[in-house]
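The values are calculated or read from the model by the stated rules, or taken from the named source; none is laboratory data. What you see is a predicted model; the values in this text were computed from it and never measured. No Cβ is skipped: glycine too gets one built from the backbone with ideal geometry, and neighbour counts run over all protein chains shown. What goes into the accessible areas is simple: the full protein's heavy atoms, side chains included, and nothing from ligands, DNA or RNA. Shrake-Rupley method; radii C 1.70, N 1.55, O 1.52, S 1.80 Å.
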Amino acid sequence: SCFYTDKCFVPTSEIIAVEETELNKKGRNIGKWQKMAKPHAFTVYYVKKARNHRWRCRDVTFWCVDEHLCNQWIQALKELLEMQKSRPKQLLVYINPYGGKRQGKRIYEQKVAPLFSLASISTDVVITEHANHAKDNLFEVNINKYDGVVCVGGDGMFSEVMHGLIGRMQKDSGIDQNNPKAPLVQCNIRIGIIPAGSTDCICYSTVGISDPVTSALHIILGDCQPLDVSSVHHNNTFLKYVVSLLGYGFYGDVLKDSEKKRWMGPMRYDYSGIKTFLSHHYYEGTISFQPAKHTLGSPRDKDSCRTGCDICKKSEEQLAEQHKECGLKHEADEEEWKVIKGKFLAINAVNISCACPRSPKGLSPAAHLADGSADLILVRKCSRFDFLRYLVRHTNHNDRFDFSFVDVYRVKSFQFTSKLSEDNESNVTDIGKKRFGQFCRDHPACCCHVANSTWNCDGETLDSSAIEVRVHCQLMKLFARGIEENCKDEAAYSQSSVEQLL
């Protein structure tokens, strides 16, 4: 037998599909096989890794004079693909046609659907027509018939699908989401993100790039990345789930102002950012938090969370052991709380690095995807110049926490009450006064901004000025594998291709 190869190697796990090849489709190569009597061929489609974590679908064709042998190889390779049990067969797809530059539907139809079809993945597609369409629909569909849910849009679309899926799981399990101490049921149905929005922070932080084709290929290969989710409550009432940023002060004010200017498109964030920076509002309040003692490392580490992260694995094991010992009771309730009072320009809590093209390292470069903790970043009152220095650090590789007015803590839960709401909503601070011994007080209030800020909750506004936040370790799973270390560039990969099984 004779075969056409590139002398290259690709593991079976990165083969997308195998198909018998019609010779007229490979007319450009038929000249090489003119001496063959009735040549036969099959094509292997596989993932090729390029620069900056970008993936592409490539193919290589094998030729043979023996039809029976050709069919044997096709069957053998298809059986190997069938053994990849983590790969999805049936997906539920939600497309936001209005998000970002209104390109979601076109991106899916032109770049993603053909790849799903090639990989023999069946899809049920829903074009969302209004806010919370996907969330409401997830409470009605037979979710068990799907191997995953895919959202085509930005971070807002992902948040909607996440809320629907987590809410559905808790409802089916009889869990009261309004109870902030309730142990939530983990979602085993994975979510895939096809980036098509104004911001694609979650995709960028879990894959390393905001690229529809790359994300589609991660979904096809059946990758699985656990992800921490934080729940936000106010007075025993559930408000939101958060995966990336929960920000009060600067980032909350930017979002609130930008919502009035949606007609500007993505440029509205730049305009509102400049406007909010110049206003320089700061807010007084009280933060109480529980340090995440169960996890290794700190927000000041130089190493980032990467594929197969040992810290995330160890945290999962430790928390599973703790829950086994404590049953349904949260061991965190018995642990030490710390309290900080002061005037803040920004209060940010991030479950992930919050990296994006404009900030390649993110708000907290060493944050982990699945270690059961959040990084709490407190930016105290400072001059405009100092605050600008802090913001600029997010665009480069310098340490963004190396300022006297910036504090960062790795926490598993925290509570916040603004100064204006302390008198009426004193339940949070009363707990602090009774339980906590450590206080860090600012000098007496003098000229703090009199109004409350708004919370930026994964790109959605939240007006409550007194909240309770708890991190739920690996509550959900994504079709992703984290950011790979030392991703090969196109030149280095030019010598690799399909495994020589022959």
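Numbers at a glance
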read-out	value
Evaluation of Leu69 against (1) part of a helix (DSSP H, G or I); (2) of a type in the set (A, V, I, L, M); (3) closer than 17 Å to Pro11 by Cα (one fails), failing number	(3)
Inter-residue pairs, beta-carbon under 7 Å, first under 13 Å from Gln177 (Cβ atoms) and among the aliphatic types (A, V, I, L, M) and in region 229-244, second open to solvent by 10 Å² or more (accessible area, probe 1.4 Å) and part of a loop (DSSP other than H, G, I, E, B), 6+ apart	Leu239/Ser464
Criterion: in contact (Cβ under 8 Å) with a residue 24 or more places away in the chain, closer than 29 Å to His472 by Cα and of a type outside the set (Gly, Ala, Ser) - qualifying residue of Leu363, Leu388	Leu363
Filter result (among the aromatic types (Phe, Trp, Tyr) and open to solvent by less than 20 Å² (accessible area, probe 1.4 Å)) within region 350-398	Phe387, Tyr390
Residues located in region 399-419, provided they are surrounded by fewer than 22 Cβ atoms within 10 Å (Cβ to Cβ) and assigned to a loop (DSSP other than H, G, I, E, B)	Asp399, Phe401, Asp402, Phe403, Ser404, Phe405
Residue list for region 57-77, restricted to those being surrounded by 15 or more Cβ atoms within 10 Å (Cβ to Cβ) and not β-branched (Val, Ile, Thr)	Cys57, Arg58, Asp59, Phe62, Trp63, Cys64, Cys70, Trp73, Leu77
Among (1) touching a residue at least 24 places away in the same chain (Cβ under 8 Å); (2) open to solvent by 10 Å² or more (accessible area, probe 1.4 Å), the one test that Asp176 misses	(1)
Counted residues, region 229-269 - those being open to solvent by less than 40 Å² (accessible area, probe 1.4 Å) and under 29 Å from Gln170 (Cα atoms)	14
Within region 136-162, considering residues that are buried (at least 20 other Cβ atoms within 10 Å of the Cβ) and β-branched (Val, Ile, Thr), the one farthest from Gln225 (Cα to Cα)	Val152
Of the criteria (1) modelled with pLDDT under 70; (2) under 30 Å from Phe9 (Cα atoms); (3) outside any loop (DSSP other than H, G, I, E, B), which one Lys477 fails	(1)
Lone unmet requirement of (1) of a type in the set (Ser, Thr, Tyr); (2) closer than 20 Å to Tyr45 by Cα; (3) in contact (Cβ under 8 Å) with a residue 12 or more places away in the chain for Tyr94	(2)
Matching entry among Leu184, Leu221 (being open to solvent by 20 Å² or more (accessible area, probe 1.4 Å), at pLDDT 90 or above and aliphatic (A, V, I, L, M))	Leu184
